[in-house]
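Below: the structure, in structure tokens.
The values are calculated or read from the model by the stated rules, or taken from the named source; none is laboratory data. Predicted model only: the values in this text are computed from it and were never measured. Glycine also receives a Cβ, built like all others from the backbone with ideal geometry; neighbour counts cover every protein chain displayed.
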Amino acid sequence: MKYIKIDKKTVFVLCSLCFVLSVQSQELETLIDVALNNNPEIQKFELQYKRASEKVNEVNTIPNTEFGVGYFVSEPETRTGAQRFKVSAKQMLPWFGTITSRENYVSSLADAKYEDIVIAKRKLMASVSQSYYNLYANKAKQRVLTENIKLLETYETLALTSVEVGKASAVDLLRLQMRQNEMQQLKDVLSQQFLAEQTNLNNLLNRENDVAVNVVDSLMMPSEDFEIINENLALHPELLKYDKLFQSIEQSELLNQKESSPMIGFGLDYINVSERPDMNFSDNGKDIVMPMVSVSIPIFNKKYKSQTKQNELEQQEITAQKQERLNTLETFLSKAINERISARISYETQTKNLKQAKDAEDILIKSYETGTIDFNDVLDIQELQLKFQMNQIESIKVYYVQSTIINYLTN
């Protein structure tokens, strides 16, 4: 059985989305390649597959040859002399095609085990991609917080000037400073969450936890969604594995039928005979050589009938499991599609809100020039603006994460 690897093109299609920026695609593809080469879970499944494939050589054998040696303590006398010792050899052979059936059965089990490798790789690629997008969203939110902190510093300067001329109170200044403290706290928390997610990604890549991960600075919402081929879901490896298991049960039943057939044995007995000293004839002391043929017939074959019934029940079980998993995957796909649509709607809404918040901010700044600025309004608008920016980043992240899930299910 040949060992097949997932090609690089498949890796790229599955998890580095075709519509992302080229720099991000290259970076993500590199991380995926590292994960596929280093991840211990993938290595575990590959070793299990190799071990299952090696079993073909184990079953490609016939029963052990039996040898026996016997010594006559009381030598029986025959016409040609006394029998001294006996040597025998016997070889049982399975029914025609039994060994081939064993090989086919073990090969079918290895084929099913190979699907575990494919599934694990696809899951790993999806996990790496999702972790990457989580890191992107975290960095983008930190960057937005930094910009808003600087904006509040500008407002603080305005507030100091207003306090000096009596157009604002010290309370307004303190509110601005407290708002800065809250944003700095949120940024520090995000920084710690970034390190935790970076550790998660490095573990997926099976490398040191503190290796820095570089993520793209900006991700844009694609102008249109990529095409989804729902029919591909039926060809998903998680479902193909059930087909392979079903086929292995078919091979198991064929093997069961072969093993319920008779076994043929061939043997040879050699008996050493000593000469009779008191007689002289042509066959005096002639040894005995006796070829033998034997047949092993499973007369009581209840065992094989039971195995046939078990195989039938197991096939029914596998069919039910496949349908159950198909229903689950269809639910996952539908949920991912709907959440991706929701993410686009949310992004468009946040974009409109951001524009309106920016317009409101401009109005407040112009009001300051006329000496009528209200710092409570400033904080309210700034808080709304930050909320819209955060939601916009989250919408982009959700869109890409859900696209990764859709790719996992349909490519």
(request) Name every residue in the range 61-90 that is in a loop (DSSP other than H, G, I, E, B) and β-branched (V, I, T), in order of residue number. (result) T61, I62, T65, V73, T80
(request) Find all pairs meeting these conditions: Cβ atoms under 6 angstrom apart; at least six residues apart or on different chains; first residue within the range 171-182 and in a helix (DSSP H, G or I); second residue surrounded by fewer than 16 Cβ atoms within 10 Å (Cβ to Cβ) and acidic (D, E). (result) none
(message) Based on this model, can you work out whether K113 counts as more than 16 Å from M390 (Cβ to Cβ), in contact (Cβ under 8 Å) with a residue 60 or more places away in the chain and in contact with a Gly (Cβ under 9 Å, 6 or more places away or on another chain)?
(response) no
(request) Among the candidates N209, N200, single out the residue that is over 21 Å from S403 (Cα atoms) and not aromatic (F, W, Y). (result) N209
(request) Would you check if Y132 is surrounded by 14 or more Cβ atoms within 10 Å (Cβ to Cβ), aromatic (F, W, Y) and under 30 Å from K387 (Cβ atoms)? (result) yes
(request) Among the numbered conditions (1) touching a Ser or Thr at 6+ places or on another chain (Cβ under 9 Å); (2) crowded, with 17+ Cβ neighbours inside 10 Å; (3) within 27 Å of S218 (Cβ to Cβ), tell me where T349 comes up short. (result) (2)
(request) Can you tell me which residue within the range 281-314, out of those that are aliphatic (A, V, I, L, M) and in a loop (DSSP other than H, G, I, E, B), is nearest to P76 (Cα to Cα)? (result) I297
(request) Please find, among S191, S218, the residue that is out of contact with any strand residue (DSSP E or B) (no Cβ under 9 Å at 6 or more places or on another chain), at pLDDT below 90, under 26 Å from L31 (Cα atoms) and polar (S, T, N, Q). (result) S218
(request) Just name the residue that is nearest to R276 (Cα to Cα) out of those in the range 42-98 that are of a type in the set (G, A, S) and in contact (Cβ under 8 Å) with a residue 40 or more places away in the chain. (result) G81
(message) Criterion first (free of Cβ contacts under 8 Å to residues at least 24 places away in the same chain, out of contact with any Phe, Trp or Tyr (no Cβ under 9 Å at 6 or more places or on another chain) and exposed (fewer than 12 other Cβ atoms within 10 Å of the Cβ)) does E208 satisfy it?
(response) yes
(message) Suppose we filter the range 361-383 for residues that are of a type in the set (A, V, I, L, M, F, W, C) and surrounded by fewer than 17 Cβ atoms within 10 Å (Cβ to Cβ); how many remain?
(response) 2
(message) Regarding the range 317-337, can at least one residue be identified that is of a type in the set (D, E, K, R), under 33 Å from the mean Cα position of the chain (by Cα) and farther than 30 Å from F226 by Cα?
(response) yes
(request) Hey, could you check the range 259-280 for residues that are in a loop (DSSP other than H, G, I, E, B) and touching a residue at least 24 places away in the same chain (Cβ under 8 Å) and say which is farthest from the chain's Cα centre (by Cα)? (result) R276
(request) Keeping to the range 350-389, report how many residues are of a type outside the set (D, E, K, R) and not in a helix (DSSP H, G or I). (result) 4
